[in-house]
1. Take Asp68 and decide whether it is in contact with a helix residue (DSSP H, G or I) (Cβ under 7 Å, 6 or more places away or on another chain) and acidic (Asp, Glu).
2. Considering region 74-90 alone, what residues qualify as being in contact (Cβ under 8 Å) with a residue 24 or more places away in the chain, surrounded by fewer than 18 Cβ atoms within 10 Å (Cβ to Cβ) and farther than 17 Å from Leu50 by Cβ?
3. If I go through region 74-107 residue by residue, how many of them are part of a helix (DSSP H, G or I) and either within 19 Å of Met1 (Cα to Cα) or more than 15 Å from the chain's Cα centre (by Cα) (or both)?
4. Find the strands (runs of 3 or more DSSP E) located wholly in region 1-73 whose residues include 2 or more that are closer than 25 Å to Asp108 by Cα, and list them.
5. Could you tell me which numbered condition Thr110 fails, if it satisfies all but one of (1) more than 28 Å from Lys3 (Cα to Cα); (2) part of a strand (DSSP E or B); (3) not small (Gly, Ala, Ser)?
6. Count, please, the residues in region 37-68 that happen to be in contact (Cβ under 8 Å) with a residue 24 or more places away in the chain, more than 26 Å from Asp98 (Cα to Cα) and surrounded by 14 or more Cβ atoms within 10 Å (Cβ to Cβ).
7. Would you pick out the residues in region 78-101 that are of a type in the set (D, E, K, R) and touching an Asp or Glu at 6+ places or on another chain (Cβ under 9 Å)?
Amino acid sequence: MAKELNEQELHNLAMNIVGEDMKANGFEFLGVNSKLKRDPQFVGLKDKELHFVIVRAVRYPKDANVYDPVFMETIKKHADSHEAKTYYAGVGLGHGTDYAKPVLKDEDYTMVYNGLQQIK
């Protein structure tokens with residue numbers, strides 16, 4: 001029987017999805033941190049501007065587009081001190097045939113990802 005992905009594996013999957021999206025959109029990676037609870041996950045350069053990106057893997061029924069505003073404000077202050085823009089990238093992950101079920105190792109998955117959300 002297939003095993004459920006653990007928190008770190010889900011996080012890594014979300015990081016891959018966001019990283020591929022960023023690469024496709026012309027970002028150059030200056031730093032990548034895939035450890036849980038270490039933020040930001042990506043420090044990138046695009047159009048000569050610095051970008052901090054927070055990645056979160058979200059399970060159903062939580063909304064992948066909703067983030068903790070207090071936490072994001074803390075990250076934004078840190079980014080501002082480096083003259084960087086701040087983004088949230090939430091990735092909703094579920095089983096391939098039923099989004100409401102957990103993601104299983106070596107099986108298809110479904111995702112809800114709406115790109116980078118700038119924190120202003």
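Each value in this text was obtained by applying a stated rule to the coordinates, not by laboratory testing. Since the model is a prediction, treat every value here as computed from it, not as a measurement. Heads up, the Cβs are rebuilt from the backbone with ideal geometry, glycines too, and the neighbour counts pull from every protein chain shown.
1. So Asp68 fails the test.
2. Residues satisfying the conditions do not exist here.
3. Of the residues in region 74-107, 7 are part of a helix (DSSP H, G or I) and either within 19 Å of Met1 (Cα to Cα) or more than 15 Å from the chain's Cα centre (by Cα) (or both).
4. In region 1-73, 49-59 are the strands (runs of 3 or more DSSP E) which contain 2 or more residues that are closer than 25 Å to Asp108 by Cα.
5. Unmet condition: (1).
6. Qualifying residue count, region 37-68: 10.
7. Those that are of a type in the set (D, E, K, R) and touching an Asp or Glu at 6+ places or on another chain (Cβ under 9 Å): Glu83, Lys85.
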